[in-house]
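One structure is given below, encoded as structure tokens.
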Ligand SMILES: [Cu+2]
């Protein structure tokens with residue numbers, strides 16, 4: 001009887017946790033941008049026209065949906081460090097996924 005009550009309690013807690021989680025969406029566009037460094041104009045990679053990229057905020061349990069659009073002339077990807085996520089979402093070209101081709105997008109979900 002106690003086992004059954006505990007199992008129900010755990011199921012209710014899991015349901016409450018999943019019901020409280022939000023889906024957090026970001027759109028990241030990768031481009032080249034000319035910036036002045038040490039007195040010289042250089043081409044650097046920018047995310048949403050910013051160097052460095054913006055910080056993405058999530059709460060524990062949130063569902064992340066991050067669309068990355070490649071506006072570079074070469075293949076690219078985003079590799080996520082410090083996050084426990086499914087291996088197929090980790091963004092390493094030719095390891096976890098194919099690279100994002102120029103003018104194409106990839107949706108990361110974890
Ligand atoms: Cu790594």
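Quick notes on this structure:
- Pairing residues of the stretch 73-84 that are closer than 15 Å to residue 29 by Cα and in contact (Cβ under 8 Å) with a residue 12 or more places away in the chain with residues that are near the ligand (Cβ under 10 Å from one of its atoms) and part of a loop (DSSP other than H, G, I, E, B), at Cβ distances under 6 Å and at least 6 apart in sequence or on separate chains, gives 77/91; 78/91; 79/91; 79/92.
- If you go through the stretch 57-84 and keep only what is out of contact with any strand residue (DSSP E or B) (no Cβ under 8 Å at 6 or more places or on another chain) and within 16 Å of the ligand (Cβ to nearest atom), you end up with 79, 81, 82, 83, 84.
- Considering residues of the stretch 51-110 that are touching a helix residue (DSSP H, G or I) at 6+ places or on another chain (Cβ under 8 Å) and not in a strand (DSSP E or B) only, the residue farthest from residue 20 (Cα to Cα): 96
- Listed by first and then second residue, the pairs linking a residue in the stretch 26-44 that is on the phi > 0 side of the Ramachandran plot and without any contact (Cβ under 8 Å) to a residue 24 or more places away in the chain to a residue that is in a loop (DSSP other than H, G, I, E, B) and surrounded by fewer than 12 Cβ atoms within 10 Å (Cβ to Cβ), with Cβ atoms under 8 Å apart and 6 or more places separating them unless they lie on different chains, form an empty list.
- Against the conditions (1) closer than 25 Å to residue 104 by Cβ; (2) modelled with pLDDT under 95, residue 26 satisfies every one except (2).
- Condition met for residue 42 (surrounded by 10 or more Cβ atoms within 10 Å (Cβ to Cβ) and within 14 Å of the chain's Cα centre (by Cα)): no
The values are calculated or read from the model by the stated rules, or taken from the named source; none is laboratory data. Because the structure is a prediction, the values reported are computed rather than measured. Cβ atoms come from the backbone with ideal geometry, glycine included; neighbour counts cover every protein chain shown.
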